[in-house]
């Protein structure tokens, strides 16, 4: 019996039937190994998944710093997503930063009974009076769709009344099967109402947008630092430290870089169709991966000066971190890891761990789709189910005025052989044989995987962290970086290496077992038997 | 920090900004964690429980285990009956608790799911139990959720055999495990056999042993909850948090109760101690009297550093009432005292304290938020801020010394292990308050004014 079978044997037949297709052990002999993903969680299972609202407001919309985000619903949802995701932001010059604030309609029973639209409009009037924002976003929580409040209509009326931008997101928590539905709904809203509404053209020779980078712990800033050093102009970031002010010009950039494939691939694809902007899958987690991504970007632009500058910056950045990396490698080489995160980081961090001499033996996603595991070529074969059908798929057409091919078709085809242009090969292909891959991982499977495979460290979220740690395995949060970071890029890799070393080698591990459990403390004199 | 908060106060009735409360279900979840071998279960979409577990783990730095009905759009339209029945079966199968405590969410409340009926239809394994409570997120706050869950347990489980068990029940209020431990220690010193319900000590402050326990040693046991009806008396701590479950126990089982403030500060602790002494008819032991004497000694020694210092206090209603009393005992002026929980009783309780101590010009407000508090401070500042983690934004913006107390504290360690209640809790709070105030003086004073001895 392999580890997968031993893990699943705990389940009763009906749960086994569901979970067996979400757990695989990587077998290099099997071409295109398949996994089931993006389906309903079994009720009662202690899943790590969140909801649609968390994906829309918490992940994608929340970080937009100059947008006043109103959570329309009872108080909890807005409260829990207040300052807890570590998407750092600094106001643009003369601009506003709403990231430290939590705004909610704090719906009461009478609003549920009689409808909450009036309260929402009043809340918007008060927000205009106090803050005068240039953009308001409304994020709906569970009751809104059920009582029939029309946040889209409120958004339209708000735009007319105040001459500002206002976008309503119908991201009720029950929609879809995880945060992923919320990402999609957020992507649709940004595409429909914001991208393409500005006209400020970039001035540098090469300009890019950074997609799916949320600036957790300052990750986005570290990436921007290096990109700017090479000479790129970053038009906008989706959405860490991002803003309405810059996002409206996103369609004027030369190229889209995609970090978190899961949460933002819809925007990348739609911008390609509507504006002709290619997208490139990048990974700035790990210095090896960062160097590779920078080289891929340079290849796309095919400018000898840019290529030379790219190499110059890479070698300088690598030289700066060399000594520290070597030290940490000496501590970490040969160690194994498990990683359970949301939708793309489980793949990204395997590259960084490998840079440090570590191998990932357990990997899971909370809300990924099959393409995140197996590569985008499986997309046409993914069957729609009732839950995914409920999430709108936007169909966009080339914009008659703004569509502009950045490359010729032949050029693009040639490049595709060398760089991940408009494509993503998924996570499974980078993993070694025998490694465990788990979709929508849950508490039991986490404990079992650790027991069976015994990784030296486990990366997950706060809900898992103390379970894992109490069980004796070092544990670091890879959603929030345990309030440290940045972990991205070259300098970030050193921060990460230091934190992993700390987690494994911290002196407290030596004290877990009290000395009296391993050494006899009772002293006595043998008196013998006299008779 | 909070650069967009204007000094000018605009009237608001619809827009809540920077709340000082959260929703019912997280309180229900916390209460259920205080029952031994209980799995809290959230009947709603899975995001709710994900947020609540996250939130509790961030406060306690401990696992917070709970399951969910994982609603999808279909369940939201057709009702969550099938989801909760499947969930309960799976939870018993996989996690093997003795009891599942279901609380509802705004989703299941809005669609009108009838948990009584669902539970009636369930196949519950022999010897196992399922209870529930209604916790609509659009009513009250997490404090309501906490006491509603208590009432759920009492309604389902508590019995009266007619034979007294000789015990006193203590409802501790929405407090930390460290506070519960101190209340239990006090009762034990006074020789009062008690049932504390709920009791998260041993659960949300469980030790590191190298083995994860899904159900740690702590928590009120099922026989103890069943036996609440046979208790001789009840001490209900916190006028707002504990009154409803206390009235329920009285109404159903004729258990008389004494409603007391949380034992924060000298007088409230004295009251608690004397009630216990009355019950056991034992004299207050020297150990407690000594600690009380130490507290008064410290108050006299350090009075110069708290006297007439103005303070803004915010958080959960009963905690804030307790902290206000303590600050008044220290000679401080509690200029702004707020809670987010919409209970007007709070204002009455705090104003009574103002009157008792003869302070004027102080404001108490329920159903308030931190944005409003910040604006008051911008117009007329205070010397100290006392409350939960989100206060750090205001503290930074206005450069005000800040002491953390209450729930949630997401950004510091140890706080949940040690008490704020009792004489020792007051000593601990005085240490925090004077340290912060005196550190600030030391940092800001002119070189020639820096005193080595204070």
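Where the centre of each part is set by its Cα atoms, how far does the stretch A:60-134 sit from the stretch A:460-531, in angstrom?
40 Å
For peptide A:112-123, how many partner chain Cβ atoms fall within 10 Å of a residue's Cβ, on average?
On the way: counts 7, 2, 0, 0, 2, 0, 1, 3, 2, 1, 4, 6.
Per residue, the number of nearby Cβ atoms from other chains is 2 on average.
Enumerate the residues in the stretch A:222-258 having an amide nitrogen under 14 Å from the point lying 7 Å beyond the Cα of residue A:204 toward its Cβ.
Label zone hits: A:222-237, A:253-257.
Once you keep just the Cα pairs under 8 angstrom separated by 6 or more residues, what percentage relative contact order results for the stretch B:297-454? Walk me through the numbers before you get to the answer.
Working: 212 pairs, mean separation 32.6, N = 158.
After rounding, I find 21 percent.
So if R0 is 41 Å, what FRET efficiency would residue A:302 and residue A:379 give, r being the distance between their Cβ atoms, rounded to the nearest 0.05? The partial results should precede the final answer.
Working: r = 28 Å, r/R0 = 0.69.
Step by step, r from the Cβ atoms, then E = 0.90.
Cβ neighbours within 10 Å, averaged per peptide: list A:27-40, B:17-30 in order, most packed at the top.
Details: A:27-40: 14.9, B:17-30: 28.8.
The packing order, highest mean first, is B:17-30, A:27-40.
Give me Rg/Rg_expected for the stretch B:285-350, where Rg uses Cα atoms only and Rg_expected = 2.2 N^0.38 Å with N residues.
Working: Rg = 14.1 Å, N = 66, 2.2 N^0.38 = 10.8 Å.
Normalised Rg, Cα atoms only: 1.31.
With label points built 7 Å along Cα→Cβ from the Cα atoms of residue A:516 and residue B:453, find their separation and express it in nm.
Going from the residue A:516 label point to the residue B:453 one covers 4.4 nm.
To one decimal place, what Kirkwood hydrodynamic radius in Å is obtained for the stretch A:71-110 from all pairs of distinct Cα atoms? Mind showing how you got there, number by number?
Working: mean 1/r = 0.0866 Å⁻¹.
Answer for the stretch A:71-110: a Kirkwood hydrodynamic radius of 11.5 Å.
Quantify how strongly other chains surround peptide B:52-59 by giving the mean number of their Cβ atoms within 10 Å of each of its Cβ atoms.
Details: counts 3, 6, 10, 5, 2, 7, 5, 0.
Taking all residues of B:52-59 together, the mean is 5.
Can you give the helix-only mean residue ellipticity at 222 nm for chain A, where every DSSP H stretch with n ≥ 4 adds -39500 (n - 2.57) and the sum goes over all residues, rounded to the nearest 500 deg cm²/dmol?
Details: 21 runs with 217 residues, N = 531.
Calculated from helices alone, the mean residue ellipticity at 222 nm is -12000 deg cm²/dmol.
Which whole number gives the average, over all residues in B:237-244, of C-beta atoms from other chains lying within 10 Å of the residue C-beta? Display every interim value, and only then the final one.
Details: counts 0, 0, 0, 0, 0, 0, 0, 0.
Taking all residues of B:237-244 together, the mean is 0.
Please state the equivalent ellipsoid semi-axes for the protein assembly as shown: what are the square roots of 5 times the Cα gyration tensor eigenvalues, largest first, in whole Å?
They are 47, 33, 30 Å, listed largest first.
Measure nothing fancy, just the Cα-based angle from helix B:370-379's long axis to the longest principal axis of chain B, in degrees from 0 to 90, nearest 10.
Between the helix axis and the principal axis of chain B, the angle is about 10 degrees.
Can you tell me what the convex hull of the Cα atoms of the stretch A:80-168 projects to on average, as an area in nm²? Intermediate values should be presented prior to the final figure.
Working: hull surface 25.6 nm².
The Cα convex hull of the stretch A:80-168, projected and averaged over all directions, gives 6.4 nm².
Any idea what Rg and Dmax come out to for the stretch B:212-294 if you just take the C-alpha atoms, in Å?
Taking only Cα atoms of the stretch B:212-294, I get Rg and Dmax of 15.4, 42 Å.
I'd like the FRET efficiency for residue B:164 and residue B:445, computed as 1/(1 + (r/R0)^6) with the beta carbon distance as r and R0 of 51 Å, rounded to 0.05. Please list the in-between numbers first.
On the way: r = 61 Å, r/R0 = 1.20.
Efficiency at R0 = 51 Å is approximately 0.25.
What is the distance, in nm, between label points placed 7 Å from the Cα along the Cα-to-Cβ direction at residue A:320 and at residue A:160?
Inter-label distance under the simple model: 5.3 nm.
Can you list the equivalent-ellipsoid semi-axes of the stretch B:44-130, largest first and in whole Å, using the square root of 5 times each Cα gyration tensor eigenvalue? Provide the component values of the computation, followed by the final result.
Details: eigenvalues 90, 70, 20 Å².
Taking √(5λ) for each eigenvalue gives 21, 19, 10 Å, largest first.
May I ask you to order B:348-361, A:99-112, B:72-85, B:171-184 by the average number of other C-beta atoms within 10 Å around their residues, highest value first? The partial results should precede the final answer.
Numbers: B:348-361: 14.8, A:99-112: 22.2, B:72-85: 20.4, B:171-184: 25.6.
Averaged packing, sorted descending, gives the order B:171-184, A:99-112, B:72-85, B:348-361.
Taking the 0 to 90 degree range and rounding to the nearest ten, how far is the long axis of helix B:286-302 tilted relative to the main principal axis of chain B, both from C-alpha atoms?
It works out to around 40 degrees.
Against the longest alpha carbon principal axis of chain A, how many degrees, from 0 to 90 and to the nearest 10, is the axis of helix A:151-162 turned?
With rounding to tens, the tilt is 50 degrees.
Dimensions of the stretch A:447-531 along principal axes (Cα, Å, largest first)?
If we take the Cα atoms of the stretch A:447-531, the spans are 78, 27, 20 Å.
Report, please, the projected area of chain B averaged over directions, based on the convex hull of its C-alpha atoms, in nm².
Details: hull surface 96.0 nm².
Projected over every direction and averaged, the Cα hull of chain B covers 24.0 nm².
If every alpha-carbon in the stretch A:144-214 counts as one equal scatterer, what log10 I(q)/I(0) does Debye give at q = 0.18, 0.19, 0.22 1/Å?
-0.89, -0.95, -1.09
Over chain B, what is the mean sequence separation of C-alpha contacts under 8 Å (at least six apart), divided by residue count, expressed as relative contact order in percent?
Details: 904 pairs, mean separation 81.0, N = 454.
For chain B, the relative contact order is 18 percent.
Beyond 19 Å, what share of the Cα-Cα pairs of the stretch B:148-212 is found? Please give it as a whole percent.
Numbers: 942 of 2080 pairs.
Every Cα pair in the stretch B:148-212 considered, those over 19 Å come to 45 percent.
Using every pair of alpha-carbon atoms in chain A, split the distances into 10 Å bins beginning at 0 and state the percent of pairs per bin, rounded to integers.
In order of increasing distance, the bins hold 4, 18, 27, 26, 16, 6, 2, 1, 1, 0, 0, 0 percent.
Which order do the peptides B:419-431, B:362-374, A:67-79, A:235-247 take when ranked by the mean count of other beta-carbon atoms within 10 Å per residue, highest first? Could you put the intermediate results ahead of the total?
Values: B:419-431: 23.5, B:362-374: 21.9, A:67-79: 28.9, A:235-247: 26.1.
The peptides rank, most packed first, as A:67-79, A:235-247, B:419-431, B:362-374.
What percent do you get for the relative contact order of the stretch A:81-211 when only Cα pairs under 8 Å and 6+ apart count?
Details: 105 pairs, mean separation 22.6, N = 131.
Dividing the mean separation by the residue count of the stretch A:81-211 yields 17 percent.
Each value in this text was obtained by applying a stated rule to the coordinates, not by laboratory testing. Being a predicted model, the structure only gives us computed values, none of them experimental. All Cβ positions, glycine included, derive from the backbone under ideal geometry; neighbour counts span all protein chains shown.
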